[in-house]
Amino acid sequence: DAMVIQNPRYQVTQFGKPVTLSCSQTLNHNVMYWYQQKSSQAPKLLFHYYDKDFNNEADTPDNFQSRRPNTSFCFLDIRSPGLGDAAMYLCATGGDQPQHFGDGTRLSIL
Amino acid sequence: AQKVTQAQTEISVVEKEDVTLDCVYETRDTTYYLFWYKQPPSGELVFLIRRNSFDEQNEISGRYSWNFQKSTSSFNFTITASQVVDSAVYFCAYGSSNTGKLIFGQGTTLQVKP
């Protein structure tokens, strides 16, 4: 059974049109992470939540925001997507190591 | 700052050959974790192994084995008798024991030809 679920698997949006990606977990872990992975690159951490405490990486663009309404769900909001934001977005959770990853959402920008 | 280096960008082998993927890391932390993940063309990250910095025992799991050497800051991964299904990108990652954040190497693309 999937422990970290990301929806949708593929998302297409228009340049500048806000988009939200969702992630849920069944593990009841305190920590949830969002990673961005561009083509042929390694995943890169955008931010993470420890419970409701939000931790932003220093180089994460302001265009990216996140919400965590409860332990199970976490959302990634991209306010005005640009062509450079096309990537795979990976959600992960970990109350302890290792981190469990979802299957990712592949975002395309038209 | 921590850093993970996977010097091999691409490796191509013929089925049934053994192959070793190299990983070298840099850190000043005394406690940390090291990981290997597999990413097939479908894109999901598949967890393979986690190693605690205090545990330098080598590990074997089926055709997979890992050699962790703290003295050389290396955590190498060997696939024995490779199969076509092993074709994927393999990432080595460093995990902070404080925050749980992962820092990934650039990945090694492994192609196993029939």
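The values are calculated or read from the model by the stated rules, or taken from the named source; none is laboratory data. Keep in mind that this is a model prediction, so the values were computed, not measured. Neighbour counts are summed over all protein chains in view; Cβ atoms, including those assigned to glycine, are modelled from backbone coordinates with ideal geometry.
Those residues that are at negative phi and in a loop (DSSP other than H, G, I, E, B), I need them from segment A:2-30; list them, please. Selection gives A:2, A:3, A:8, A:9, A:14, A:15, A:17, A:18, A:26, A:27, A:29, A:30.
In segment B:47-66, the count of residues that are in a strand (DSSP E or B), out of contact with any strand residue (DSSP E or B) (no Cβ under 6 Å at 6 or more places or on another chain) and among the β-branched types (Val, Ile, Thr) is one or more.
Residue count for segment A:71-96 satisfying the condition of being in contact with a Leu (Cβ under 9 Å, 6 or more places away or on another chain), within 9 Å of another protein chain (Cβ to nearest Cβ) and over 24 Å from residue A:15 (Cα atoms): 3.
Selection within segment B:54-85: residues that are touching a residue at least 40 places away in the same chain (Cβ under 8 Å) and of a type outside the set (A, V, I, L, M, F, W, C). The member of this set that is surrounded by the most Cβ atoms within 10 Å (Cβ to Cβ) is B:82. Scoring residue A:59 on the criteria (1) closer than 25 Å to residue B:106 by Cα; (2) within 12 Å of another protein chain (Cβ to nearest Cβ) leaves a single failure, condition (2).
When the residues of segment A:20-34 are narrowed to those that are under 12 Å from the mean Cα position of the chain (by Cα) and not small (Gly, Ala, Ser), which ends up farthest from residue A:109 (Cα to Cα)?
Looking only at segment A:20-34, we keep the residues that are under 12 Å from the mean Cα position of the chain (by Cα), and these are A:20-24, A:32-34.
If we keep only those that are not small (Gly, Ala, Ser) as well, we get A:20-21, A:23, A:32-34.
On the way: A:20: 13, A:21: 14, A:23: 20, A:32: 25, A:33: 23, A:34: 19 Å.
The qualifying residue farthest from residue A:109 (Cα to Cα) is A:32.
Quick check on this structure: which one of A:106, A:9 is surrounded by fewer than 16 Cβ atoms within 10 Å (Cβ to Cβ), within 11 Å of chain B (Cβ to nearest Cβ) and within 13 Å of the chain's Cα centre (by Cα)?
Only one candidate qualifies: A:9.
Of all the residues in segment B:25-45, those that are within 17 Å of residue B:107 (Cβ to Cβ) and free of Cβ contacts under 8 Å to residues at least 24 places away in the same chain number 3. Looking at segment A:17-39, which of its residues are more than 14 Å from residue A:91 (Cα to Cα), surrounded by fewer than 18 Cβ atoms within 10 Å (Cβ to Cβ) and at pLDDT 90 or above? A:17, A:18, A:38, A:39, listed by residue number.
Within segment B:10-45, being more than 12 Å from residue B:66 (Cα to Cα), surrounded by 14 or more Cβ atoms within 10 Å (Cβ to Cβ) and within 12 Å of another protein chain (Cβ to nearest Cβ) holds for B:32, B:33, B:37, B:38, B:39, B:43, B:44, B:45. Condition check for residue A:58 on (1) of a type in the set (A, V, I, L, M); (2) under 15 Å from residue B:104 (Cβ atoms); (3) over 13 Å from the mean Cα position of the chain (by Cα): one failure, at (2).
Output yes when any residue across segment A:33-50 is polar (S, T, N, Q), farther than 25 Å from residue B:89 by Cβ and more than 11 Å from chain B (Cβ to nearest Cβ), and no when none is. No, that holds for no residue.
The C-beta contact set for segment A:38-53 (first residue over 28 Å from residue B:7 (Cα atoms), second residue in a loop (DSSP other than H, G, I, E, B) and β-branched (Val, Ile, Thr), distance under 8 angstrom, 6+ apart or interchain) comprises A:48/B:99; A:51/A:71. Which condition breaks for residue A:65 when tested against (1) more than 14 Å from chain B (Cβ to nearest Cβ); (2) within 25 Å of residue B:98 (Cβ to Cβ); (3) touching a residue at least 40 places away in the same chain (Cβ under 8 Å); (4) of a type outside the set (A, V, I, L, M)? Residue A:65 satisfies all of (1) more than 14 Å from chain B (Cβ to nearest Cβ); (2) within 25 Å of residue B:98 (Cβ to Cβ); (3) touching a residue at least 40 places away in the same chain (Cβ under 8 Å); (4) of a type outside the set (A, V, I, L, M) except (3).
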